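Colleague: Mind having a look at this structure? Questions to follow.
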Amino acid sequence: MEARKQPVNLVILGLENAGKTTLLRNISGKEFTETLTTIGMNIELIKHKGLNFQAIDVGGQLHFRETLWQYYATLAKGVIFVFDIFDRSKFLEAKQWFEYISYRLSNKAVLIFLANKIDLKDEDDTFLTTEEIINMFNLDNVSRYPERSFRIWETSAKTGENVDNAISWMFNKMVDFIKEEASISFVLILNQKNEIVYKTSVSTRTDEYESIIKKCIIQMKDLGTNENMISVQDYSANIRSEEEFSVVVGAKSHISKDDLSIATLSIIQLIKEEFYPPENYIEQLEEVVNIALLQHLNNK
Ligand code: G3D
Ligand code: MG
């Protein structure tokens with residue numbers, strides 16, 4: 001299936017005529033690079049800010065498309081559901097698709113609902129109000145999902161009204177999730193005397209286990225090992241001890257040990273290359289750590 005070759009980041013869904021193609025054009029400011037029609041449905045792709053946006057017409061019979069939707073729902077980092085606020089007649093069909101997708105979406109995916117074509121409100125008063133849409137689509141329920149980031153936006157894909165706001169909101173939520181996933185909870189740098197010369201703690205107080213870590217470093221020196229992975233409370237900490245200094249990186253335990261280990265190593269390397277011994281560079285250590293972590297995350 002051709003569509004599978006494309007990394008899925010952001011999926012734009014909605015019935016035909018909802019405004020997806022117009023939205024893509026608005027986001028990218030141009031025509032799209034590629035259109036796939038191989039699987040009996042129209043898929044349009046653009047790349048924007050390093051993300052792949054795919055617009056797909058939903059509709060027709062659900063069970064024909066089950067596999068495909070399973071695939072999108074598990075991989076998408078964000079879903080934009082577009083609904084034409086004048087399309088009362090197809091509201092039930094749209095609702096069926098919206099529910100199908102929102103229930104299967106990963107908890108960490110960001111979901112936005114675009115109540116689209118608001119520029120036509122002045123000419124025609126048959127539109128569904130946002131309140132009606134929230135009730136009819138049960139949107140209050142969706143936003144109550146644990147961890148779910150969800151919001152409804154009133155947009156005009158044609159004039160661009162609110163499109164930037166909606167997309168930016170979604171981007172920011174996605175970046176938050178990515179950061180959180182890769183999140184490092186604390187970093188400690190210790191000098192030769194095993195004194196802490198730098199510490200940053202994002203989400204936790206480290207003083208409770210600083211003594212555990214220090215003891216561990218002493219043990220490591222006795223044993224002649226220079227790397228160790230320990231668990232303290234619900235954190236994993238990777239300790240690397242060089243001759244003259246040590247670096248400790250801690251994260252919530254669900255993070256892969258390899259990732260943690262590479263993060264620690266990146267900091268060690270940067271210190272060795274340019275900021276050695278670290279106690280002479282106290283002012284710069286914050287930046288050293290950030291640069292090292294960023295490089296590490298970029299290489300992932
Ligand atoms: P789709 O890709 O979801 O099928 P399209 O929908 O983007 O092709 O849009 C369907 C029609 O609705 C198009 O009309 C498009 O111009 C119009 N449209 C989409 N979004 C808006 C909007 O926000 N406001 C208004 N007024 N029209 C919109 P045409 O006539 O070009 O086929
Ligand atoms: Mg289209």
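Colleague: 5 Å is the cut-off here: which amide hydrogens, built 1.01 Å from N in the peptide plane, fall below it relative to residue 198, excluding neighbours closer than 5 in sequence?
Modeller: Excluding prolines and chain starts, which carry no amide H, the hits are 189.
Colleague: Additional query: For residue 28 and residue 121, what is the calculated FRET efficiency with R₀ set at 22 Å and r taken between the beta-carbons, to the nearest 0.05?
Modeller: Once rounded, the FRET efficiency stands at 0.30.
Colleague: Now for a different question. Mind scanning 47/90; 173/252; 108/158 and naming the pairs with a C-alpha gap bigger than 26 Å?
Modeller: 47/90; 108/158
Colleague: A further question on this structure: Taking 0.36 nm per intervening residue step and subtracting the Cα-Cα distance, what contour gain separates residue 196 from residue 242 on full extension? Present the calculation step by step, with values, prior to reporting the outcome.
Modeller: On the way: separation 46, 0.36 × 46 = 16.56 nm, distance 1.43 nm.
Extra length available between residue 196 and residue 242 comes to 15.1 nm.
Colleague: At residue 221 and residue 233, where each label point lies 7 Å from the Cα along Cα→Cβ, what is the point-to-point distance in nanometres?
Modeller: 2.7
Colleague: Along the Cα→Cβ direction, 7 angstrom out, place labels at residue 205 and residue 96. What is the inter-label distance in nm?
Modeller: With each label placed 7 Å out from Cα toward Cβ, I get 5.6 nm.
Colleague: At a 10 Å Cβ-Cβ cut-off, how would you order 85, 212, fewest neighbours first?
Modeller: Numbers: 85 25, 212 13.
If I rank by nearby Cβ atoms, fewest first, I get 212, 85.
Colleague: By per-residue mean of other Cβ atoms within 10 Å, what is the highest-first order of 233-241, 18-26, 99-107, 125-133? If you can, show how the numbers build up before the last one.
Modeller: Working: 233-241: 18.7, 18-26: 22.2, 99-107: 16.0, 125-133: 13.8.
Highest mean packing first, the order is 18-26, 233-241, 99-107, 125-133.
Colleague: How much length, in nm to one decimal, is gained on full extension between residue 135 and residue 282, taken as 0.36 nm per residue of separation minus their Cα-Cα distance?
Modeller: Difference between extended and current length: 47.3 nm.
Colleague: Still on this structure, I have one more. Using the number of other C-beta atoms within 10 angstrom as an exposure proxy, rank 110, 249, 288 with the fewest first.
Modeller: Fewest-to-most ranking of 110, 249, 288: 288, 110, 249.
Colleague: Cα to Cα, under 19 Å, and not fewer than 8 places away if on the same chain: which aspartates and glutamates meet these conditions relative to residue 117?
Modeller: Answer for residue 117, where 19 Å is the Cα cut-off: 16, 57, 84, 87, 93, 125, 131, 132, 154, 161, 164, listed by chain and number.
Colleague: At 0.36 nm per residue, and after removing the present C-alpha to C-alpha distance, how many nm does the segment from residue 104 to residue 143 gain when stretched out fully?
Modeller: 12.6 nm
Colleague: Something else now. Taking other Cβ within 10 Å of each residue's Cβ, how do 261, 246 sort, fewest first?
Modeller: 261, 246
Colleague: Please compute one quarter of the surface area of the Cα convex hull for region 184-297 and express it in square nanometres.
Modeller: Mean projected area for region 184-297: 6.3 nm², to one decimal.
Colleague: Also: Simple spin-label model, 7 Å along Cα-to-Cβ: residue 212 to residue 16 in nm?
Modeller: 6.1
Bear in mind that the values in this text are calculations on the coordinates, not laboratory data. Computed from a prediction, not measured in an experiment: that's the story for all the values here. With ideal geometry, Cβ positions are generated from the backbone for all residues, glycine too; neighbour counts draw on all protein chains shown.
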